[in-house]
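Here the structure is laid out as structure tokens; the discussion comes afterwards.
The values are calculated or read from the model by the stated rules, or taken from the named source; none is laboratory data. What you see is a predicted model; the values in this text were computed from it and never measured. When we count neighbours, we look across all protein chains shown, and the Cβ atoms used for this are built from the backbone with ideal geometry, even at glycine. The area values use the complete protein model at the heavy-atom level, side chains included, leaving out ligands, DNA and RNA. Shrake-Rupley method; radii C 1.70, N 1.55, O 1.52, S 1.80 Å.
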Amino acid sequence: MAAVSPRKDPVTIAVASWLLVASLAVQAAPPDRVARVERWLSLVEHHTVGTLDDDAKEVAAWSDEQLSMLFTDLRSIAQLMRNINLVVKYRPRGGRIEVPLYEAPQLDRMRILACAAGGIVLTDQKCISRRAVERLTPNLRELAARAEAGRGVVADNFILKYGALLHTDIALFAPAPLSPITYNPAVGVQRLRVLSSDGQPTEVGQSAAHWEIARMLLDFVRLSRDEGRPSPDRDAFVRDWYVATNAWLQFNVHYDNPHLDRARELFPNDRDILFLNGTQHEIYATRRIQSVVKTVTLPRGFTMDMKTDAEELRMARDFFRRALATDAGFAEARVHLGHVLALERSDADAERELSAGFETIDDQPNQYFAALFLGSVKASLSRFDQARELFAQAAASYPLAQSPMLSLSELARRRGDRKTALEHLRVLFTLPPAGDSRKDPWWAYDIWHARDCNDLLNELWRPFRSRTAH
């Protein structure tokens with residue numbers, strides 16, 4: 001447990017709304033947007049993955065509206081990389097006919113940028129005919145060369161993956177404070193979050209759309225240049241990115257259903273993604289999260305993408321079972337499934353799952369959780385001696401933890417043994433104050449499953465920290 005700190009407030013929860021799924025701007029692009037895309041390409045090319053360097057800091061300083069517009073423009077670049085002659089269109093608000101999003105000079109420059117981003121300035125006849133290589137700045141020529149070489153990626157995914165990692169680094173290392181909510185129909189995407197502390201909402205506001213930009217870019221990843229359609233669902237990096245980032249979000253008590261939903265859409269049978277879906281819904285069923293849903297006030301048109309505690313437990317149960325159907329030996333998922341079943345009062349099923357998990361789990365904190373959960377189920381089934389043995393085992397593994405003492409005291413009270421109940425409480429009251437010298441693993445139950453998130457991120461970054469192609 002030394003490497004894992006207890007959960008800290010504030011908790012942040014993404015808000016779902018129809019505004020979040022908008023993908024194209026609803027008015028023509030102002031002139032500075034294309035210049036911003038060109039600057040973004042240069043910053044991506046020089047950014048050191050896995051750090052908050054000056055390149056990342058510059059993008060992090062862009063406003064919510066600028067980032068929302070960038071979402072649309074980068075989507076256009078990704079489309080133009082695959083079809084240089086594409087005319088990007090949009091439907092004006094209240095209109096019936098789609099019209100070009102960019103004026104002719106803007107679209108011409110966007111096509112040149114797409115030639116560079118796709119690494120096709122010297123190979124695509126449409127780029128050659130536009131004299132793309134002659135119209136690139138030195139930075140963009142360097143970008144085009146690296147995109148063509150691959151630099152750690154395959155096909156034409158250089159700008160997509162490195163761009164996604166730039167926005168990932170900003171989301172990880174430079175989370176901006178929430179800003180006032182503004183509905184701007186000119187933007188491509190908007191993101192709202194709720195902050196809460198001790199089960200009470202403290203702030204609702206708009207946050208930068210870095211996760212949305214990263215997901216959108218990765219949606220265009222393909223395995224080879226010959227493929228006509230993107231295939232992110234067959235790319236190992238995309239899968240690893242979703243696992244690592246969702247684990248990091250849950251470890252840092254940031255809950256984001258759209259992020260998990262997209263992961264599941266792409267990888268519906270992936271063991272780890274199913275497990276992370278289960279743990280998030282297990283957390284959503286807790287009182288501290290349910291209390292936020294009941295008391296928060298959201299702007300008109302926005303809703304919390306969250307169900308009742310019973311429905312959240314049902315979804316958690318289903319995801320854990322699907323993870324176990326993929327890997328029957330996934331002991332940690334079995335412990336979590338047993339916990340959910342116990343909360344649902346399905347004691348016989350919970351006993352079966354927890355017993356199996358308790359026998360096979362291989363790390364001490366999860367053994368501790370399994371002992372506590374299984375002891376509670378045994379007590380519910382009136383198997384008091386077995387329950388006492390399990391609680392005592394948990395207490396022996398963490399002598400300064402309070403949860404086993406409380407469980408043993410309550411068990412003795414239920415059996416009418418007031419003296420023993422009071423004795424366990426007396427021991428509890430003699431424990432040192434909570435702190436580094438006294439930790440109860442239960443305090444970190446909702447993040448322990450994501451304990452390896454930093455290792456996952458480092459493994460994700462490793463191939464992209466080299467300047468040479470792999």
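Counting only DSSP beta bridges whose two residues both lie in the chain, roughly 90 percent are antiparallel.
Charged neighbours of ASP347, selected by a Cβ distance under 12 Å, balance to 0 (K, R count +1; D, E count -1).
Largest accessible area first, the listed residues GLU344, GLU103 line up as GLU103, GLU344 when surface is computed with a 1.4 Å probe on the assembled protein chains. Taken along the Cα-to-beta-carbon direction at a fixed 7 Å, the label points for ASN269 and ASP233 span 1.1 nm.
Each other residue within a Cβ distance under 12 Å of GLY329 adds +1 if Lys or Arg and -1 if Asp or Glu, for a net charge of -2. Solvent exposure of HIS259, expressed as accessible area, is near 0 Å², computed with a probe of 1.4 Å over the protein chains only. Look at the dipole of the chain built from charges on Cβ: of GLY375, ALA164, TRP461, the Cα furthest out on the positive end belongs to ALA164.
Solvent exposure of the range 72-180 amounts to 42 Å² per residue of accessible area, where only protein heavy atoms count and the probe is 1.4 Å. The figure for LEU341 is an accessible area of roughly 0 square angstrom, using a 1.4 Å probe on the protein chains alone. Relative to the longest principal axis of the Cα atoms of the chain, the long axis of helix 257-266 lies at roughly 70 degrees.
Take each peptide in 233-240, 347-354, count the other Cβ atoms within 10 Å of every residue, and average; sorted highest first, the result is 347-354, 233-240. The distance separating the Cα centre of the range 71-115 from that of the range 205-276 comes to 25 Å. Charged neighbours of ASN85, selected by a Cβ distance under 12 Å, balance to +2 (K, R count +1; D, E count -1).
Determine, from the Cβ-Cβ distance of ARG418 and ARG287 and an R0 of 25 Å, the FRET efficiency 1/(1 + (r/R0)^6), rounded to the nearest 0.05.
Details: r = 29 Å, r/R0 = 1.16.
That pair, ARG418 with ARG287, gives E of 0.30.
Between THR297 and ARG131, the simple label model (points 7 Å from Cα in the Cβ direction) yields a spacing of 6.2 nm. With both labels modelled 7 Å from their Cα along Cα-to-Cβ, the THR48 to ASP226 distance reads 4.0 nm. Across ARG314, ARG131, ARG345, the residue with the most accessible area heads the list, and the full order at a 1.4 Å probe is ARG345, ARG131, ARG314. On the beta carbon distance between PHE173 and SER380, with R0 = 35 Å, the FRET formula returns roughly 0.20. Helix 64-82 and the longest principal axis of the C-alpha atoms of the chain enclose an angle of approximately 60°. Per-residue accessible area (protein heavy atoms, 1.4 Å probe) orders THR326, THR245 as THR326, THR245, starting from the largest.
Using equal-weight Cα scatterers in the Debye expression, the normalised intensity of the chain in log10 at q = 0.11 Å⁻¹ is -0.93.
A helix-only calculation puts the chain at -17000 deg cm²/dmol for mean residue ellipticity at 222 nm, using -39500 (n - 2.57) for each DSSP H run of at least four residues, averaged over all residues.
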